[in-house]
1. Considering only segment 6-52, how many residues are aliphatic (A, V, I, L, M) and farther than 20 Å from R82 by Cα?
2. Within segment 201-211, is there a residue that is open to solvent by 30 Å² or more (accessible area, probe 1.4 Å) and closer than 20 Å to A365 by Cα?
3. Which ones in segment 240-265 are open to solvent by 20 Å² or more (accessible area, probe 1.4 Å) and polar (S, T, N, Q)?
4. Give, as residue ranges, the helices (runs of 4 or more DSSP H) completely inside segment 1-101 that count at least 3 residues that are charged (D, E, K, R) and touching a strand residue (DSSP E or B) at 6+ places or on another chain (Cβ under 9 Å).
5. Need the failing condition index for R56 against (1) under 30 Å from E269 (Cα atoms); (2) out of contact with any Asp or Glu (no Cβ under 9 Å at 6 or more places or on another chain); (3) of a type in the set (K, R), just the number.
6. Filter segment 345-388 down to the residues that are within 30 Å of I147 (Cα to Cα) and in contact (Cβ under 8 Å) with a residue 60 or more places away in the chain, then identify the one that is least open to solvent (accessible area, probe 1.4 Å).
7. Can you name every residue in segment 177-232 that is of a type in the set (G, A, S), over 30 Å from R249 (Cα atoms) and either touching a Gly at 6+ places or on another chain (Cβ under 8 Å) or in contact (Cβ under 8 Å) with a residue 60 or more places away in the chain (or both)?
8. Looking at (1) open to solvent by 30 Å² or more (accessible area, probe 1.4 Å); (2) touching a Phe, Trp or Tyr at 6+ places or on another chain (Cβ under 7 Å); (3) not polar (S, T, N, Q), which is the one condition that is false for E215?
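The values are calculated or read from the model by the stated rules, or taken from the named source; none is laboratory data. What you see is a predicted model, and the numbers here were worked out from it, not measured in a lab. Every residue, glycine as well, gets a Cβ built from its backbone with ideal geometry; the counts of neighbours run over all protein chains shown. Accessible surface is based on the protein model in full, side chains and every heavy atom, while ligands, DNA and RNA are left aside. Shrake-Rupley method; radii C 1.70, N 1.55, O 1.52, S 1.80 Å.
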Amino acid sequence: MDQGQEDNSPINIEITDSKITKHVSYTIKGNDKIGSFEAERRYNDFHILRVTLQQRWPACYIPPIPSKANFGNNEPKLIEDRKRFLQYFLEQMATLRYLYFSDEFQTFLRTKNQDIEKALQGLPRQSVMEVCQKYKNCFPHLNNKEINTDMTFKISSFQTYLTKSVKQLETLKEQVKVVAASKKAYTDQFNNMTQALVPDYEKNILIEYVNQRPELLIFTNNNDVGVTARAIKDASNVNNYELILDMIRIECREVDAFIGAMESREFMEKLKKENYSKLKEYESEKAKLIAGKTTLKSIFTKGNNQEQVAVIDKKIQDTTQEIEYNNQVCDLIVLVLCVDEIDRFKKNKQRKYYQILQKISQAEAELNQNYLKFWNDVVKGTEVEIEN
């Protein structure tokens, strides 16, 4: 099911509901070029899917999912929070066509087996050769590209930058959390004052001072003031600063996920070195056998000297071939990170930041217009009553 990035067919995918039984499950519905789908998946299913993708797509950025909770998994606020972040995960996956149409993700979406871990474990194991071929098919624009030192420097520099930014993001997240809470506290107190406290003062205290003339009560009888106050209350149900908090929360997870992708490159390099060491051992063993020496391994190996040499020759051949594919995969990983992943990650961060700023700016500008209208209406009301 592996597909390249050229495919632009529409994908619709949405978490439509969450259900609480023994565990919390999320209903996923949608359609793509394969057809429609509907599935119920638990948080742990998403976690298993992501781990599987990391293992089978080394150095590819796998969008993060929300972190595990130590307790309170059935709390409505946590369920809704997870639902929102898991929806973001699915949307991000839909933009990465090679991952979306991969065997792993399509198994997650479409298998009738409720044991997602078992279903994913049932996928054929991948050899290094198969990983190499898969990457060549999914990233054809990288074929025949040359690796240079600038590319490896770009990867190591960005990895260093992201590692340093983790602590800064965590600190910033806590600071924005305080600011967002202060924003909510202010709007709650404003709404309480304009919707309850001041109207109560007018009806219970001021009414005597204006000689029982209710038409002189500004907050109680002035329609413009009341309508604008209610508009402010409705608008303040959404705390726009929470959008920045969500952005930083997601970015903390995304940065961690991207660091993980780059670390998998290091794992593949380590695997390559291990294969080289293994090849040297086989060649050394073969040289000793040809020289007629008895080795510890030969003592516990079946067959005569010639048969043992033939077995080692086969191991040398297989290991040499694996090293060849290993080298190709390592080169492809550098290209995937340098040419695709890093630049796409930066552009997505930039685009998302600007989109959120636009959304907040528009909402806050509208809210401030309502605040300005509200106080102008109050002033007009008092001017009229003073004249009376």
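1. Adding up the residues that qualify gives 2.
2. So far as segment 201-211 goes, no, none of its residues is open to solvent by 30 Å² or more (accessible area, probe 1.4 Å) and closer than 20 Å to A365 by Cα.
3. S264
4. Hits in segment 1-101: 76-95.
5. (2)
6. That would be F345.
7. A229
8. Answer for E215: the failing condition is (2).
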